[in-house]
Amino acid sequence: MTAAEFPLLGREQEIARIVGALSKPASLLLLGRPGAGKTRLLQAALETAGTNALYLLYRPRLHELLAELARTLPTHGHLSAPLSNQTSVRLKGVLWRAFEREPRVLILDGVRHASFPAYRFFQRLYHMGGMAIVAAARSIPDLGALGRLLWDPREMITLAPLSKDAAARLFEMAASKFDLSGLQLEEFREKVLQNAQGNPGQIVEMCRRAADPQYVSGTHVKFAPLRIDAMMKFVD
């Protein structure tokens, strides 16, 4: 059970903005800490919008990114050689022509330190009629060279921490889902909410680990080791 399997609490406005960007289409940048729910929001918005947008988990090597993007398109079957044998130059040309014929919204999830070659490739797509790029990153510096495209504050969403009420509701849902009723929850709840600081992924992860006997002594949660191990999931 992961954070992706819990309701999106307190994110109605963000979902509406992403759905609007996918539907227009319009480019958009989604920023948030690890565990803030960026991927979950993108997937929920994509399901709601019902568009033909293409979702892609970002890869630092441009050739791998181009090959993965080509796999999602009908043009894949028209290439004269397997994708593994295609050059980056060839893949760029195929993809540019494909998107000129049928513009799409590209969803780039987890952008990290994009290179200038990647920027130049996406720059051409960004300016094609009918195309748009919806990207998710931890911060503006994490965008790397793609920050030259996605720089307008009017086209950004920064995920704020959950409200105290939403965070508390999420804790109760997670505690119920992971069956923590046999534990002393008052102190654990307070520590989880204080340390997570409104981060939904961290709330769920700490509750998930509390169901593991190695973090429990009697009915008491050994919070210090649990917190350390839970945080490792959100650190590179």
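The values are calculated or read from the model by the stated rules, or taken from the named source; none is laboratory data. What you see is a predicted model; the values in this text were computed from it and never measured. Neighbour counts run over all protein chains shown; Cβ positions are idealised from the backbone, glycine included.
Structure summary
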quantity: Candidate set from the stretch 20-73 (those that are in contact (Cβ under 8 Å) with a residue 24 or more places away in the chain and of a type in the set (Lys, Arg)); member that is surrounded by the most Cβ atoms within 10 Å (Cβ to Cβ); calculated: Lys38
quantity: Filtered residue count, the stretch 153-176, keeping only those that are charged (D, E, K, R), touching a residue at least 24 places away in the same chain (Cβ under 8 Å) and closer than 30 Å to His127 by Cβ; calculated: 1
quantity: In the stretch 12-55, the residues that are part of a loop (DSSP other than H, G, I, E, B) and under 14 Å from the mean Cα position of the chain (by Cα); calculated: Gly32, Arg33, Pro34, Gly35, Ala36, Gly37
quantity: Number of the exception - Phe6 against (1) touching a Leu at 6+ places or on another chain (Cβ under 9 Å); (2) at pLDDT 90 or above; calculated: (2)
quantity: From the options Leu193, Leu162, Leu170, residue that is in contact with a Leu (Cβ under 7 Å, 6 or more places away or on another chain), in a helix (DSSP H, G or I) and among the aliphatic types (A, V, I, L, M); calculated: Leu170
